[in-house]
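To keep things clear, I will list the structure first and then write my remarks on it.
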Amino acid sequence: MRFLSLLRVETWRLFRDRLTRVIIFLAVFSPLPGLFSSFPFALTTTKMGAYLASPALAGAVCSSFLFAFLTVKELDRVHKYQMSAITDPIISPLLVNLVRINAIMIVAVITQATVMLVFLPYTLAQTGMVFNWELYVTVYACVMLPSMLLAILLSASAYLVTQRAEISFLLFLVFALLALTVWVQDYLLVWIKSGVWVLSDDFGNSRLMRSVIYSRMVWFFALGGTGLLSLMCVRRFGKGLSGSFAQNSRRHFFVPIFAMAMLVLSCHLYYAQPFLDHSAPEIDYNLSDPNENLSCSALYAVLSPDIRTGEHFGTITYSLHNTAGKPEKGIFSINPGYQVTSVTANGRSVPFVDLNNDKMGGKEISVTLPATEEIELVMQYGGFPREWNIVPTLGRTEIGKNYIKLVNQDFAPVPCNFKYDKDIPVPFTGRIILPPDLRPVLFGTGTTRFLTVNPDGTKTWWFESSGYRVILYAGDYISRKVRAAGQDIEFLYSAKHDRIMEKCNVTGMLKEVFEYCTAHYGPLQFYENNTLKLIELDVYQSGGYAGNGASVMDENCFSEDGLKDPLKGASGNEVMAHEIIHQWWGLNTMFPYDTYGDPWSSEGLTVYTTYRLMKELHGEPYAKANYVDMWQREVDDYKNNFYVRHPAYLDRLPDDFRASITNQFSHVSQYCLVPLKILKAEELVGGEEKIDRILYDLSNREVDPEYPYLTYDDFVQACRLHEEDLNID
Amino acid sequence: MTKLFWYELKRLHANQFFLGSLFLIAFFSWQVLSGEIILGIAQTAPFSPWSFGYYLSRILPLLLIVLLFSIAFFSSEQERQVQAITLATPVNQGRYLLIRCGAMIVGYLLLSFFTIVMSLVFNASLFQYTSFGDFIVPAVFTLFPVMLFTLGIGLVAGEIHPALIYVMMIVMLLLGFLPLPYWADLMGGSFFAGYPSELGVLDPSFGIPADILASRCIFSLLGIALVLAVARRRSNTCSVD
C-alpha cells in the first residue's frame, strides 16, 4: 500500500514538473519525422507502412532518447543535490528508486496513449480503406511503447549501478547506436525500433507482430532482471557498490534470485527463438537422388491452421509403393518448426527419425518403410513454422485471421527421395479448416471448393491439386476473369484493392504484357484448356514467382503510386510484368533444374524481356537507366568487391559473412550478368528483330521429351556465337 | 602549471566515468569492426586506410560526446561554485582554461588511441596486416580537426549556458546520420565511404582532396580561435588589477 501511495504522489509530481512536460510534448510529436520519406527507417512500400509503422518507428527511436534522459535526470536528483543524507533515513532509497522508475513508466504509457489519439485522425485519413484498428493499436503498443519502457529500464539500471549520469547516458547511447547500426538486421537485438520492416495493407501481419512481441519479451526479461539487480546496487549506509549489493541482497534475498531467473529466461528465449531455422549459411543446391524403388501415387491431407497461436497441424496420408522387397528409408521434407508426432504404415507404428538438418527452410524426416509393395502411410505433424534464416526479415509464412500462406513443406511434409514422373499425375487432395472470411487459392492448376460451415464458425474447404507439393494462400480474395491475347486469365486479389484495380486499369496492363509476349514469343502452349491464375500476395513476398498455372506477385506491384506514375522508376508494377513473363521463360520454355544456382536460369531471359517491354512502353532512356545501367552497376559492384578480387581472404571471414558474399554471386549472375550477355548477343546478331526471331524459335522449338530444357549452349548456338563472345568485362 | 595540468588530468580522467567510457567505446568499437568494417568499405580491403577512416568516423560521435561531457563537467554548477575559490588565486584564468583544454585533449586522445589499438589488433589477428603506418594520415585527418572544432564550440556553448552543451551532444549524434557534402561532414563517414568510388580505380591510395583538406583546416582554426577567444575572455573578465 505504501508503494502505491508513493507511486501516486511521485507520478503526480512528475506530471507537474516542467522538464517532464517538455519531454511529453516532444515525445507526442516524435513520430512526425517518420512521415517524411527521407527518414532513415521510413517504410514507404505500403500505406500502413508509410502512415503507421514509419511514425511508430520514429517515435520509438526519438522518445527512447527522451525518456532515457528523463530517467537519468530524475534518478540523479537526490545525488546531484546531495540530499541522500536527509532522505535515506526517512524512506528506503530502494523504494524511492523503484517508485521513481515506475512513475516514469506510467508517464511513458500515458504519453503513448496521447500519441495514439493525436495521430489517429491523420492515419485514418491517409490509409482509408486499408486502416485496421487492431493493427493500429498493436503497432504502437508493441513498437513505440516498449522502446520507451526499455529505454527507461536500461538507463535506470545503468544509473543505479554507476551512480553517474554521464556514464549512464553514454551506456544507453552505445546500446542505442548498436541497435540502429550493427544490430539492425537481427530482429531480436534491434530493441530500439523493433524488427518491423514492412506492413501489409491487404492481408495479415500476425507473424511479424508475433516476432516483435517475442523480441520485446526477450528484452523485458533481460532488462527487468538487470533492473532488479541494479536496484540491489543502490548505495546504503555509506557503502560502495559491492557492499551495498551485499547489504541489500541480504535483506531482500528473493530479488537477486528472481533477477537471475529473469536473465536466464531471457537468454533461453533468445537462443530458443522459434521464428528462424538453423540452416547453414552456405546454400547447398544439391538434391537427394530419388530412390527408384519408392514412389507415391496419391496424397490426402486434413489440415487445421490455428490462427490464435500461429501454428499449423495436419494429418497426411500417402499412398506409397516400395518395390525393393526390403525396408527402405523414405525421406520427407518438413518445415523446421514442425514436429512429427506419429507415423503409421498400414495401421502399424513405424520408426522415424527427425534428422534436424535444417537446410534452405526445411528439415528431413527419415521414415523406415516396411518391405510391403503397397503402403498407406499416415503422418501427424504440426507446430510453429520457422522461416529460412538466410533472409533476416520475417513474415514470409503467415497464419493469422486475415491471411494464411503455406508453401510446400510448410503446408505438408513433402516426399523427397521418391521417384516422380511429371507425366503421371499424382493427386493431392484433402480438407482444410479456415476462418470464415478467408477464401483459399492454390498456386498452380489446383482448385478449391467450399464444403461446410463448422459449429465454431470456421469453414471447411476441399482442395485438389497434383504433385507432391501444394502452395496455398487464404485471404479475402475476389476474382476477375480477363482474356488477353487469346488466353483466359483469372486475376485473384484482395477485396480491399478492388477500387484501385478498377481505377488504375490493372487489367489493361496485364493485357499489354500478354500481347507483347505472345507477339514476340508465341502463345503459351500448355494452357489450351486451362486458365492461368494471377494471384496477389502479401507484401512480405517481396516480389513474386511463377509456376505451372500461376504467377504471383506481392501487393506492392499494385500500389496506387506505382500504378499511377510508371515513370517513377523500376517499380513494383514491373515486378508484375516480370512474373507474368516467367510464364514464357520458365514454364512454356523450361530451364535446367539440375543447374539451379548457376547463372543460366529462367531469370536471365525474363529480366531481359521485361527490359524490352519497358523500353517499348516507356522509351529507351528509361529502360537503359533502370535496367541496363543497373545491371552493369550490380555486376561491377560484385566484381569489385574486395573479397571477390582476393578470394584468399574470404576463408578468413566468419561463416555467415563468407556465405553472404558467395550467395550474392548467384543473385547478381542470374539477374544482372545473364541479361547483359543476352543484350550483347542482341548486338552481335544484328539487333532486336534478329534476337526476337531467335527467341521465338527457341520458345516454339520441338522439345526433346527426355531433356526438354533450354540450356545456355542452346541459346549460344541459336545465336551462332561462341560462349567467349558473350563475356562481359 | 605542469603540476596544475597533471592535477586537472587526474581529476578529469582518473574516475569511473572515464573507465566506463573506455569500456563502452571498446565494446562499441568491436561491434563495428566485426559487424561492418570486416566487409571492407567502398570495395577496399577491411584493413585499408579508407576502411580505417570509416571505422573512426563511426566511433567519433561517442568520442565527441565524451569530450563534451568533459566540457560540461567544467561548466557545471559545482565547478562554478569552486570558481569562487580558484578566482582568488593568482593563476591567469585564461591559461588555466587552456590547461584544462589540454587535459580534455589528452583524455580524448587516450580514448582515440585505445580505439585505434583495437582496430590494429583486429586487422593483425584476422588478416595478418601490420603496415600500421598507413593509418596515421586518416587518423589525424579524422580525429584532430573535429576535436578542435568541438572543443571550441563546446566551450562557447558552455559560456552561454551549460545546457547548450547537451544540445551540442544531440547535434553531434545527428551529424553522424545526416547525408552532408564531404566538406561539411565533420565525422567524415560519407567521405570515406563515397570518395574512393568516385576515383574510378580499385583500391585507390589514400589521399585527401584539397577542398576537404581546406575545410578541415578551417574547422581546426575555427576551433582554436574559439578556444583562444574564450580563454582571453576569461583572462579579461577575471584579471586582477
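Taking the alpha carbon gyration tensor of the protein assembly as shown, multiplying each eigenvalue by 5 and rooting it gives semi-axes of 58, 36, 26 Å, largest first. Taking 23 Å as the limit for the C-alpha separation, the pairs A:511/A:533; A:639/A:677; A:503/A:615 exceed it in the case of A:503/A:615. Going from the chain on its own to the full set of protein chains, the range A:157-172 has these residues losing 50 Å² or more of accessible surface (heavy atoms, 1.4 Å probe, no ligands, DNA or RNA): A:164, A:166, A:167, A:170. With the simple spin-label model, which puts each label point 7 Å out from Cα in the Cβ direction, the residue A:688 to residue B:205 separation comes to 4.8 nm. Computed over chain A, relative contact order equals 9 percent, with contacts defined as Cα pairs under 8 Å that lie 6+ residues apart. One Cα centroid belongs to the range A:79-130, the other to the range A:446-488; the line between them spans 50 Å. Calculated mean residue ellipticity, 222 nm, the protein assembly as shown: -16500 deg cm²/dmol, from DSSP H runs (n ≥ 4) at -39500 (n - 2.57) each, averaged per residue and rounded to 500.
Summary of the geometry: the range A:207-247 and the range B:177-235, compared by the centres of their Cα atoms, lie 41 Å apart. The mean sequence distance of close C-alpha pairs (under 8 Å, at least 6 residues apart), as a share of the length of the range A:436-534, puts its relative contact order at 26 percent.
Using the Stokes-Einstein relation with a Kirkwood hydrodynamic radius computed over Cα pairs, the translational diffusion coefficient of the range A:1-137 at 4 °C and a viscosity of 1.567 mPa s comes to 78 µm²/s.
Quick one: net charge around residue A:395, please, counting Lys, Arg +1 and Asp, Glu -1 for every other residue with C-beta under 9 Å from its C-beta. Local net charge: -1. Among B:129-136, A:62-69, the peptide with the highest mean count of other Cβ atoms within 10 Å heads the list, and the full ranking is A:62-69, B:129-136. Placing a pseudo-label 7 Å from each Cα along the Cα-to-Cβ vector at residue A:656 and residue A:106 gives an inter-label distance of 4.1 nm. Contact order for chain B, expressed relative to its length and based on alpha carbon pairs under 8 Å spaced 6+ residues apart, stands at 31 percent. Counted by Cβ distance under 15 Å from residue A:337, the other residues give a net charge of -2, where Lys and Arg count +1 and Asp and Glu count -1.
Per the accessible-area calculation with a 1.4 Å probe, the total area buried between chain A and chain B rounds to 2900 Å².
Below 14 angstrom from the Cβ of residue B:156, what's the summed charge of the other residues (Lys, Arg +1; Asp, Glu -1)? Charge balance near residue B:156 sits at +2.
Rolling a 1.4 Å probe over the protein heavy atoms of chain A, with every protein chain left in place, gives an accessible area that is 57 percent carbon and sulfur.
Seen from a random direction on average, the alpha-carbon convex hull of the range A:421-534 projects onto 8.5 square nanometres.
Suppose all protein chains stay in the model; what accessible area per residue would a 1.4 Å probe give for the range A:9-161, in Å²? It amounts to 41 Å² per residue over the range A:9-161.
Applying a threshold of 29 Å to the alpha-carbon distances of A:193/A:405; A:326/A:422; A:481/A:680; A:459/A:481 flags A:481/A:680 as lying beyond it.
The values are calculated or read from the model by the stated rules, or taken from the named source; none is laboratory data. Bear in mind the structure is a predicted one, so any value in this text is a computation, not a measurement. Virtual Cβ from ideal backbone geometry, glycine too; neighbours counted across all protein chains shown. Calculation scope for accessible area: heavy atoms of the full protein, side chains included, ligands and nucleic acids excluded. Shrake-Rupley method; radii C 1.70, N 1.55, O 1.52, S 1.80 Å.
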